Amino acid sequence: MAPLPYVTTPGNIDKALLNIKTAATPQNVNQDFVKTILKIPGGSGNQMAAFLRKVGFIRPDGSPSDIYTRFRNDASAGRAAAEALKIGYAPLAVRNEYWYALPDEKLRGLIVEETGSAKDASTVGMILACIKAIRKHANFDAAAEPEIAVAPVQAVPAPKPYTDPPQLPPPGAQTVGLRLGYNINLNLPATSDIAVFNAIFKSLRENLLKATDEN
């Protein structure tokens, strides 16, 4: 069994939370701040300072907690209030993980079970009312902070070994080709008959053309 936090005037919780959102964040959330700025006077103001500490809005040294500052931001207020409930009423989570979603009668029964109080005890009703006062500001389904997607690192192929580019001939340069030629030495007979020469050259021409066709 464990004691659960409460104040005797649960209606002041909603008033305190609304004023936390509008008032500037102090260096220290003391009783003077609660009574003057949060407008919870008298003995109720004394109770409220202790209650806010038990549910995580105030650090043990009296300074505003991260829950306090995030509750002032509308974008994160619901998540901060849900965390405050889970801190202040953590013993209930041991009995039912989703205790905060229970209807009033079942939640009352869980409080009776945890505190050992009588079902009709005034403290049970005040604890239930305090839970409901914070729960109206809470959002247990609030999405978590978005994560920044990081693209996977792709392997970069190793550079190819450097090779000198092919050398091109300068403009206007002539390219060198392979050419084959025949040198034929003829021993011509000592004669003045032109017909002999014609016969020799004719035979030579015919044999050369025949060799070329065969190749």
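Is there a residue being among the β-branched types (Val, Ile, Thr) and part of a loop (DSSP other than H, G, I, E, B) anywhere in region 65-87?
No - not one qualifying residue is present in region 65-87.
Does at least one position in region 13-20 carry a residue that is assigned to a helix (DSSP H, G or I), at pLDDT 95 or above, among the β-branched types (Val, Ile, Thr) and crowded, with 19+ Cβ neighbours inside 10 Å?
Yes; the residues of region 13-20 include at least one that is assigned to a helix (DSSP H, G or I), at pLDDT 95 or above, among the β-branched types (Val, Ile, Thr) and crowded, with 19+ Cβ neighbours inside 10 Å.
May I ask you to say which residue of PRO60, PRO91 is outside any helix (DSSP H, G or I) and farther than 14 Å from PHE140 by Cα?
On the way: PRO91 fails: outside any helix (DSSP H, G or I).
Of the residues listed, the single one that is outside any helix (DSSP H, G or I) and farther than 14 Å from PHE140 by Cα is PRO60.
Confirm whether ALA2 is touching a His at 6+ places or on another chain (Cβ under 6 Å) and either at pLDDT 95 or above or assigned to a loop (DSSP other than H, G, I, E, B) (or both).
Details: touching a His at 6+ places or on another chain (Cβ under 6 Å): no; either at pLDDT 95 or above or assigned to a loop (DSSP other than H, G, I, E, B) (or both): yes.
Answer is no for this residue.
Only one of ALA82, ALA101 is under 16 Å from CYS130 (Cβ atoms) and either in contact (Cβ under 8 Å) with a residue 24 or more places away in the chain or in contact with a His (Cβ under 8 Å, 6 or more places away or on another chain) (or both). Can you tell me which?
Numbers: ALA101 fails: under 16 Å from CYS130 (Cβ atoms).
When all the criteria are applied, what remains is ALA82.
Identify, by number, the condition in (1) under 19 Å from TYR6 (Cα atoms); (2) under 26 Å from the mean Cα position of the chain (by Cα) that ARG70 doesn't meet.
Failed condition: (1).
Being part of a helix (DSSP H, G or I), open to solvent by 30 Å² or more (accessible area, probe 1.4 Å) and not aliphatic (A, V, I, L, M) is the filter; apply it to region 127-142 and report the residue that is farthest from THR8 (Cα to Cα).
Restricting to residues being part of a helix (DSSP H, G or I), open to solvent by 30 Å² or more (accessible area, probe 1.4 Å) and not aliphatic (A, V, I, L, M), the top hit is ARG135.
Would you confirm whether or not region 23-43 contains a residue that is within 14 Å of ILE134 (Cα to Cα), part of a loop (DSSP other than H, G, I, E, B) and of a type outside the set (Asp, Glu)? First the steps, then the outcome.
Going residue by residue through region 23-43, those that are within 14 Å of ILE134 (Cα to Cα) are none.
No, because not a single residue in region 23-43 is within 14 Å of ILE134 (Cα to Cα), part of a loop (DSSP other than H, G, I, E, B) and of a type outside the set (Asp, Glu).
Select, from ALA23, ALA49, ALA2, the only residue that is open to solvent by less than 40 Å² (accessible area, probe 1.4 Å) and over 20 Å from MET126 (Cβ atoms).
On the way: ALA49 fails: over 20 Å from MET126 (Cβ atoms); ALA2 fails: over 20 Å from MET126 (Cβ atoms).
Checking each option against the conditions leaves just ALA23.
The values are calculated or read from the model by the stated rules, or taken from the named source; none is laboratory data. All values reported here derive from a predicted model rather than from experimental measurement. Note that each Cβ is placed from the backbone with ideal geometry, even for glycine, and that neighbours are counted across all protein chains shown. Accessible surface areas use protein heavy atoms only, side chains included; no ligands, DNA or RNA. Shrake-Rupley method; radii C 1.70, N 1.55, O 1.52, S 1.80 Å.
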